[in-house]
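One structure below.
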Amino acid sequence: MPELPEVETVVRALRDPLVGRTFSGFESYWPNQIVVPDDVNQLRDRIRGRTVTAITRRAKYIVMSLDDGAETLIVHLKMTGHLAVVPTDQPVHKHVRNLFHLEDGDDLRFRDVRKFGRIYLVKDPLEILAKLGPEPLEDDFTTDVFTQRIAGRTRVIKPLILDQTIVAGVGNIYADESLFYAKIRPDRHANTLTQSEKDLLWAGIRHSLQNGIDREGASIDSYVKPDGTKGDMQNAVNVFRRTGNPCYDCGTPIERIVLAQRSTHFCPVCQK
DNA sequence: ACCGGAGCCTGTTAGC
DNA sequence: TGCTAACAGGCTCCGG
């Protein structure tokens, strides 16, 4: 499942084959994924002839600037999305839902088994991205900023750090890993955390996300890099999907509970 | 503010 | 073996 590190890996891999390329067409096999504009033909018309001038990441969104910001194409991979530049003469995989033709014989193909992924074409990216919280790996995301953003909150801590308006980009894997790093039980309420626990959680979020980027993502479900190869973060998780297996620190079996309808994994001894 | 549930989806897996 | 039901989960919307 693509979270911040997986999306960052995709963005880095797409830069070389995509920046400087010009769209020449568009085909949709599942238009429900296109949120804006509401008409496929309008998207095709607006995108044709536009050149990708930059690809960046904001939270879990892939942001493609076209003609220096004249238009912005935004893609969210959600659970099973996969984006890659592929030669046009290559057979179209059965899970390709939307396909952007590029000049000079390639396609940008959006594969997505579960069709949860979303596509947006907007004049102003803030139309989609404005509500997001701070980028957790930026220098200005200090422990004081984190403390301030959860101040006064009484919610259970794990759903709180999954809230994209609190801090952007943390998903289920990295939430569990961050809480393990901080030795905090995921079902604690935010207002019960001490300052040193908040500091540790801030560090845990940054550490686990950076580790995920360094390892080019976690190939736990269907996630693979644009070139089809796996990341390495699945080999470095301490708790995620390790239910019943011994904690690497104390040997106690990892437990699984459900919080906010998400499976949650933790060490009942190490995490207080 | 916060929570729970539905909905969006289909491939995989657990259970009978 | 073969079938069905449950499960996976990012995000939004809705009602309480």
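The values are calculated or read from the model by the stated rules, or taken from the named source; none is laboratory data. Treat the numbers as computed from the prediction; the structure is a model and nothing was measured. Here the Cβ positions follow ideal geometry from the backbone for every residue, glycine too, while neighbour counts run over all protein chains shown. SASA here: full protein model, heavy atoms, side chains in, ligands and nucleic acids out. Shrake-Rupley method; radii C 1.70, N 1.55, O 1.52, S 1.80 Å.
Cross-link partners of residue A:94 among aspartates and glutamates, defined as those whose alpha carbon lies under 16 angstrom from its own and excluding same-chain residues fewer than eight positions apart: A:27, A:107, A:112.
In a reduced charge model with +1 at each Lys and Arg Cβ and -1 at each Asp and Glu Cβ, region A:202-272 shows a dipole moment near 200 debye about its Cα centre. Output the pairs from A:131/A:198; A:78/A:230; A:131/A:272 with a Cα-Cα distance over 20 Å in this structure; if there are none, say none. Going by Cα-Cα distance, A:131/A:198; A:131/A:272 fall outside the 20 Å limit. Projecting the Cα atoms of A:29, A:261, A:52 onto the dipole axis of chain A, where Lys and Arg carry +1 and Asp and Glu carry -1 at the beta carbon, places A:261 farthest toward the positive end.
Each Cα pair under 8 Å and six or more residues apart adds its sequence gap; the mean of these over the residue count of chain A is a relative contact order of 19 percent.
Suppose every Lys and Arg Cβ carries +1 and every Asp and Glu Cβ carries -1, with no other charges. What dipole size does chain A come out with about its Cα centre, to the nearest 20 debye?
Details: 37 positive and 37 negative charges, 212 e Å.
So the dipole magnitude of chain A works out to roughly 1020 debye.
In whole percent, and with a 1.4 Å probe on the protein chains, what portion of the accessible area of chain A is carbon and sulfur? Heavy-atom surface of chain A belonging to carbon and sulfur, 1.4 Å probe: 48 percent.
Using DSSP loop states and a limit of at most 14 other Cβ atoms within 10 Å to flag GluC sites (Glu not before Pro), what is the longest stretch of chain A containing no flagged site? Don't jump to the answer; show the numbers that get you there.
On the way: sites that count: A:103, A:138.
The longest uninterrupted stretch comes out as A:139-272.
Which residue, A:89, A:163, A:45, tops the fluctuation ranking in a GNM of chain A built on C-alpha contacts under 10 Å? Comparing A:89, A:163, A:45 in a Gaussian network model of chain A, the most mobile one is A:89. Taking A:114, A:58, A:206 in turn, the Gaussian network model of chain A (Cα-Cα springs below 10 Å) assigns the largest fluctuation to A:114.
Loop-only check: which chymotrypsin sites (Phe, Trp or Tyr not before Pro) in region A:23-110 are DSSP coil with at most 10 other Cβ within 10 angstrom? For chymotrypsin sites (Phe, Trp or Tyr not before Pro) across region A:23-110 that sit outside H, G, I, E and B with at most 10 neighbouring Cβ atoms in 10 Å, the list is empty.
Rolling a 1.4 Å probe over the protein heavy atoms gives region A:34-115 an accessible area of 43 Å² per residue. The dipole here belongs to region A:143-266: it is taken about the Cα centre, uses +1 on the Cβ of Lys and Arg and -1 on the Cβ of Asp and Glu, and is about 320 debye.
One chain, two ends: residue A:12 and residue A:148. Fully extended at 0.36 nm per residue, the span grows by 45.8 nm beyond their Cα-Cα distance.
In sequence order, region A:209-219 has phi-based couplings of 5, 5, 4, x, 5, 4, 9, 6, x, 10, 8 Hz under the Karplus curve 6.51 cos²θ - 1.76 cosθ + 1.60, θ = phi - 60°, and Gly or Pro positions carry x.
Quick check: residue separation of residue A:123 and residue A:139 times 0.36 nm, minus the Cα distance between them. What number comes out in nm? Please list the in-between numbers first.
On the way: separation 16, 0.36 × 16 = 5.76 nm, distance 2.82 nm.
The residue A:123-residue A:139 span can extend by a further 2.9 nm.
Under 5 Å between amide hydrogens, built in the peptide plane, is the criterion, and for residue A:26 it picks out A:101 among residues at least 5 positions away or on other chains. Remark on residue A:88: its backbone amide H falls under 5 Å from those of A:106, A:107, a criterion applied only to residues 5 or more positions apart or on other chains, H modelled at 1.01 Å from N.
Distance between the C-alpha centres of region A:191-216 and region A:41-83: 30 Å, rounded to the whole angstrom. Once the Cα atoms are used to define both axes, helix A:4-18 deviates from the longest principal axis of chain A by about 20 degrees. On the basis of the beta-carbon distance and an R0 of 25 Å, residue A:199 and residue A:260 show a calculated FRET efficiency of 0.55. Taking every C-alpha pair closer than 8 Å and separated by at least 6 residues, the mean separation divided by the residue count of region A:4-129 gives a relative contact order of 30 percent. Of the residues A:4, A:73, A:19, the one whose Cα sits farthest toward the positive end of the charge dipole of chain A, with +1 on the Cβ of Lys and Arg and -1 on the Cβ of Asp and Glu, is A:4.
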